[in-house]
Amino acid sequence: MVPWVRTMGQKLKQRLRLDVGREICRQYPLFCFLLLCLSAASLLLNRYIHILMIFWSFVAGVVTFYCSLGPDSLLPNIFFTIKYKPKLGLQELFPQGHSCAVCGKVKCKRHRPSLLLENYQPWLDLKISSKVDASLSEVLELVLENFVYPWYRDVTDDESFVDELRITLRFFASVLIRRIHKVDIPSIITKKLLKAAMKHIEVIVKARQKVKNTEFLQQAALEEYGPELHVALRSR
């Protein structure tokens, strides 16, 4: 019984080794071919083994570097790799590709796209902190109490209009939160904020070279921006 088990174990080990070898050859055919050629050269030209050791050292360094840093290699990675987790795309509020409810065209630019039935309530399946939800509700109630009720109570005591206004504000806040979730913050920082910050530093440095008194630094910086100045700052 024991010899039979040993024989089966040896056969299983050989099959596993063959499977691993086939998988390595399938994934890295060029590397396996170069390794085979280098092994054959080492056997045939053993008197020049001191020269071939240079190539063997290079191959060993490449394999070690790849197995150490490659996250998708057959061997385990000895370093900690940080993988970027893309944000899960939320359902579009106004999805493109659906035909227009007015003219029937798929890509209609004339009429307002119709809302899907499940998007009439964008707050469904929207996960936010309970504290944020309570604070947001408190802010909206303060807005209604300070800016709507003072004149609305003089008109009527019916709360239907205020209830519709609450739903509208809730709809607006839910859509805004959904759009915020779609924003890729790392790309905004690396592609927009850093460029804007470096541009601002460059403008300030040039403005300081033109004026001696710091009181005129702001005006000099605005003039240095020229037509690139943002529209929101032109009236200041």
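The values are calculated or read from the model by the stated rules, or taken from the named source; none is laboratory data. Everything numeric in this text was worked out from a predicted model, so none of it was measured. Glycine also receives a Cβ, built like all others from the backbone with ideal geometry; neighbour counts cover every protein chain displayed.
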(message) What are the pairs with Cβ atoms under 6 angstrom where one residue, in region 161-180, is in the same structural domain as TRP151 (by TED's automatic domain parsing) and the other, located anywhere, is in a helix (DSSP H, G or I) and surrounded by 14 or more Cβ atoms within 10 Å (Cβ to Cβ)? Sequence gap at least six, or different chains.
(response) LEU169/LEU140
(request) Could you give me the residue pairs with C-beta distances under 9 Å whose first residue belongs to region 190-214 and is surrounded by fewer than 11 Cβ atoms within 10 Å (Cβ to Cβ), whose second residue is at pLDDT 85 or above wherever it lies, and which are 6+ apart or on separate chains? (result) THR214/ARG208
(request) Could you tell me whether LEU142 is more than 29 Å from the chain's Cα centre (by Cα), surrounded by 10 or more Cβ atoms within 10 Å (Cβ to Cβ) and under 30 Å from LEU126 (Cα atoms)? (result) yes
(message) With the requirement that a residue be within 16 Å of GLN121 (Cβ to Cβ) and loosely packed, with under 12 Cβ neighbours inside 10 Å, what does region 145-166 give you?
(response) ASP163, GLU164
(request) Just name the residue that is nearest to GLU141 (Cα to Cα) out of those in region 170-229 that are among the charged types (D, E, K, R) and not in a helix (DSSP H, G or I). (result) LYS182
